[in-house]
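Each remark here refers to the structure printed beneath this line.
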Amino acid sequence: MEQNQCTPRNRSPSVAPSVLLAGFPSDEVERIGAALDQMGWASTALGKEAEIQAAFTTTRFDVTVIDSEHLEVYAPHFIARLRGMQGPSSDATILAVHNSVFAGFKDQLSQAGADLVVPKPSDPRMYMINFIRAATYRLQNIGKRHAG
């Protein structure tokens with residue numbers, strides 16, 4: 001199993017927010033992982049469908065970020081499958097990033113269960129802003145479900 005783990009400095013991995021980077025090319029994993037590390041977040045990067053699904057159902061991730069362009073399967077179908085899985089990450093925030101010019105692709109990703117769909121940022125630090133936006137959005141929606 002090919003993995004790239006970034007352990008945060010000065011924080012216990014069990015306390016650090018955790019991110020699963022799904023389907024990213026290795027050069028992007030290095031840049032994003034370094035930015036996450038600087039922010040005190042732990043990351044795990046996996047590229048293969050079976051590895052991602054196994055990790056999603058056996059490990060707790062706070063945010064799963066899916067590179068919809070480089071994933072080896074069709075991202076909307078994959079996101080829908082993840083949303084249907086039981087396990088420690090079944091309630092994780094899903095952030096889908098894309099560069100697609102395909103009309104309606106963003107809507108397909110959202111309808112499949114992505115909490116936030118954003119264009120792929122060129123600056124790895126922008127992922128942090130998007131992680132926080134996606135997590136906040138998800139927490140607000142969970143709060144509304146419990147309140148109503």
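The values are calculated or read from the model by the stated rules, or taken from the named source; none is laboratory data. Not measured: the values here are computed from a predicted model. Because the Cβ atoms are built from the backbone with ideal geometry, glycine has one as well, and the counts that use them run over all protein chains shown.
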Residue pairs meeting the criteria (Cβ under 6 Å; at least 6 apart or on separate chains; first touching a residue at least 24 places away in the same chain (Cβ under 8 Å), in region 37-57; second assigned to a strand (DSSP E or B) and of a type in the set (V, I, T)): W41/V19; S43/V19
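Say we look at region 93-121 and pick out the residues that are of a type in the set (A, V, I, L, M, F, W, C) and part of a helix (DSSP H, G or I); which of these is surrounded by the most Cβ atoms within 10 Å (Cβ to Cβ)?
L109
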The lone exception for H77 - which of (1) free of Cβ contacts under 8 Å to residues at least 24 places away in the same chain; (2) over 23 Å from R31 (Cβ atoms) it fails: (1)
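For the structure I just gave you, tell me whether T58 is touching a Ser or Thr at 6+ places or on another chain (Cβ under 8 Å) and at pLDDT 90 or above.
Considered against the rule, which asks whether it is touching a Ser or Thr at 6+ places or on another chain (Cβ under 8 Å) and at pLDDT 90 or above, T58 comes out as no.
Does A80 meet the test of being touching a Gly at 6+ places or on another chain (Cβ under 8 Å) and either within 19 Å of T136 (Cβ to Cβ) or surrounded by fewer than 14 Cβ atoms within 10 Å (Cβ to Cβ) (or both)? Explain how you work it out, then say what you get.
Values: touching a Gly at 6+ places or on another chain (Cβ under 8 Å): yes; either within 19 Å of T136 (Cβ to Cβ) or surrounded by fewer than 14 Cβ atoms within 10 Å (Cβ to Cβ) (or both): no.
In short, no.
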Flag if E30 is part of a helix (DSSP H, G or I), at pLDDT 95 or above, of a type in the set (D, E, K, R) and on the phi < 0 side of the Ramachandran plot: no
Of all residues making up region 33-55, the number that are at pLDDT below 90 and polar (S, T, N, Q): 1
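Does any residue of region 123-135 turn out to be more than 18 Å from V19 (Cα to Cα), basic (K, R) and at pLDDT below 80?
Looking only at region 123-135, we keep the residues that are more than 18 Å from V19 (Cα to Cα), and these are none.
No, the conditions are met nowhere in region 123-135.
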